[in-house]
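Here is the structure we will look at, set down as structure tokens.
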Amino acid sequence: MEKYEKGKIVKATVSGIEPYGIFVHIDEYYTGLIHISEVSTGFVRDPARYASVGEAINVQILDIDEKECRMKLSIKNINYRNHSKKPRRQIIETKSGFHTLAYKLPFWIEENLKNAKNKINSIDN
């Protein structure tokens with residue numbers, strides 16, 4: 001069992017959302033509540049707009065009840081989302097550029113028109 005302390009940022013999984021806050025599981029022993037006042041520095045109408053059940057988030061520990069294995073948590077002053085953006089793949093332009101598409105487009109159109117006409121004729125028969 002990991003030793004937790006006030007102020008530490010840990011990973012948690014959202015287990016429930018109520019109008020007054022977000023419930024999370026820290027590990028198999030500890031659960032916690034992010035009260036609506038600890039969700040954002042601004043007005044929070046609906047905590048469900050900040051997290052989803054099953055989502056993994058970062059939380060900051062405000063208080064720990066060792067006896068009950070419960071924590072008071074906050075996400076308002078931290079980057080609580082674990083999602084890291086994947087780097088975008090750089091597009092390498094070829095010498096021919098769009099010329100290949102411009103060249104082949106009339107053939108593709110003609111081919112698709114023939115296929116469409118054949119389908120219509122086969123339905124009519």
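Taking a straight Cα-Cα cut-off under 24 Å and skipping sequence neighbours fewer than 8 places away in the same chain, the lysines within cross-link reach of LYS76 are LYS3, LYS6, LYS8, LYS11, LYS85.
Bridgeable lysines around LYS119 (alpha carbons under 27 Å apart, same-chain partners fewer than 8 residues away excluded): LYS104. The simple spin-label model puts a point 7 Å past each Cα toward its Cβ; for ILE9 and ASP27 those points are separated by 2.0 nm.
In the chain, the DSSP beta bridges split such that about 85 percent are antiparallel, to the nearest 5.
Relative protection proxy for 54-61, 99-106, from highest mean packing down: 54-61, 99-106 (other beta-carbon atoms within 10 angstrom). Distance between the 7 Å Cα→Cβ label points at SER37 and LEU101: 5.6 nm. For the peptides 42-53, 20-31, 111-122, residues were scored by their other Cβ atoms within 10 Å and the scores averaged per peptide; the highest-first order is 20-31, 42-53, 111-122. Report which label in (i) 1.33; (ii) 1.98; (iii) 1.06 holds the value of Cα Rg over 2.2 N^0.38 Å derived from the coordinates of this structure. Read-out from the structure maps to (ii). As a fraction of the 1.4 Å probe accessible area of the chain, surface on carbon and sulfur atoms comes out at 53 percent. Here GLU68 and TYR20 are evaluated by their C-beta separation; at R0 = 30 Å the FRET efficiency comes out at 0.95.
The values are calculated or read from the model by the stated rules, or taken from the named source; none is laboratory data. This one's a predicted model, so the numbers in the text were calculated from it and none came from an experiment. Positions of Cβ are generated from backbone atoms using ideal geometry, with glycine treated the same way; all protein chains shown enter the neighbour counts. These accessible areas exclude ligands, DNA and RNA; they are computed on the full protein's heavy atoms, side chains included. Shrake-Rupley method; radii C 1.70, N 1.55, O 1.52, S 1.80 Å.
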